[in-house]
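The values are calculated or read from the model by the stated rules, or taken from the named source; none is laboratory data. All figures in this text were calculated on a predicted structure; none of them were measured in a lab. Here Cβ is always computed from backbone atoms with ideal geometry, including for glycine, and neighbour counts include all displayed protein chains. The protein model used for the area step is the full one, side chains on, heavy atoms only, and it has no ligands, DNA or RNA in it. Shrake-Rupley method; radii C 1.70, N 1.55, O 1.52, S 1.80 Å.
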Amino acid sequence: PARFVWLKSQLDFDAAHLLPQQCPKLDEFITSINADSLTVVFPAEHPNSPSSMFGHTLLRFDRPNQNRQTRMLAYTVSYAAIVDTENNLLYALKGITGNFKGKFAVTPYYMKLREYAQMENRDVWEYKLNLDRKQVEFVLLHAYELALTYFDYYFFTENCSYHLLSLLEAALPNSGLTDYPGWVIPVDTLKRLRKLGL
């Protein structure tokens, strides 16, 4: 759906020849999330887990008139590796060489808070983004598309931070959010967004 919106904006389709198609599943997704704004969530590092030693980043879709209590009912989108081994050496090797599948997942925020704050005892920081409603809606449509596919996961380059920036970059095409010469760590995401005034 995000690609259709973008192509329509670029090519100005004749509605008589290419009508938007109804998709009840997409309509339910958009209605249930009810996104009005976006917040970057940064769970701090977790020293007992090599994959989380630099922290993590994810996006929260905030609803209109949300407060501190009801924000736990909002939805998040995050990108993570699908780990298929318990062998530490193989885990490191596969993570460095891109041999894990990385997938986007949309989950309620309270589940993420339970995982990071309660189970792993990590500090969780929240940073509200300066995006307009149209940009938020485009990120939501693109997140819907990305949940259906996977990417090769690289611990130091194409990780949670890089793909979070790529998700945002779809709504901010001239921002250069993913222009990194080397590795990307979660705190770099926050620095890049702050530098761009987002």
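Hey, which of the strands (runs of 3 or more DSSP E) in region 1-97, taking only ones fully inside, have at least 2 residues that are modelled with pLDDT of 90 or more, open to solvent by 30 Å² or more (accessible area, probe 1.4 Å) and more than 26 Å from Y162 (Cβ to Cβ)?
none
Would you mention how many residues in region 114-132 are over 14 Å from F42 (Cα atoms), in a loop (DSSP other than H, G, I, E, B) and either touching a residue at least 60 places away in the same chain (Cβ under 8 Å) or open to solvent by 100 Å² or more (accessible area, probe 1.4 Å) (or both)?
Selection size over region 114-132: 2.
Filter region 170-198 down to the residues that are under 19 Å from S78 (Cα atoms), assigned to a helix (DSSP H, G or I), out of contact with any strand residue (DSSP E or B) (no Cβ under 8 Å at 6 or more places or on another chain) and open to solvent by 40 Å² or more (accessible area, probe 1.4 Å) and list them by number.
Selection gives K191, R192.
In region 136-155, which residues are closer than 16 Å to R63 by Cβ and not small (G, A, S)?
Residues satisfying the conditions are V136, E137, V139, L140.
Can you tell me which residue is surrounded by the fewest Cβ atoms within 10 Å (Cβ to Cβ) among those in region 147-169 that are under 14 Å from F54 (Cβ atoms) and free of Cβ contacts under 8 Å to residues at least 60 places away in the same chain?
Restricting to residues being under 14 Å from F54 (Cβ atoms) and free of Cβ contacts under 8 Å to residues at least 60 places away in the same chain, the top hit is T157.
Residue-by-condition table, conditions (1) farther than 26 Å from F151 by Cα; (2) in contact with a helix residue (DSSP H, G or I) (Cβ under 9 Å, 6 or more places away or on another chain):
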| site | (1), (2) |
| --- | --- |
| L19 | yes, no |
| F29 | no, yes |
| L38 | no, yes |
| T57 | no, yes |
| P64 | yes, no |
| L73 | yes, yes |
| A80 | no, yes |
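So K103 clears everything in (1) open to solvent by 50 Å² or more (accessible area, probe 1.4 Å); (2) charged (D, E, K, R); (3) free of Cβ contacts under 8 Å to residues at least 40 places away in the same chain except one condition, right? Which one?
Answer for K103: the failing condition is (3).
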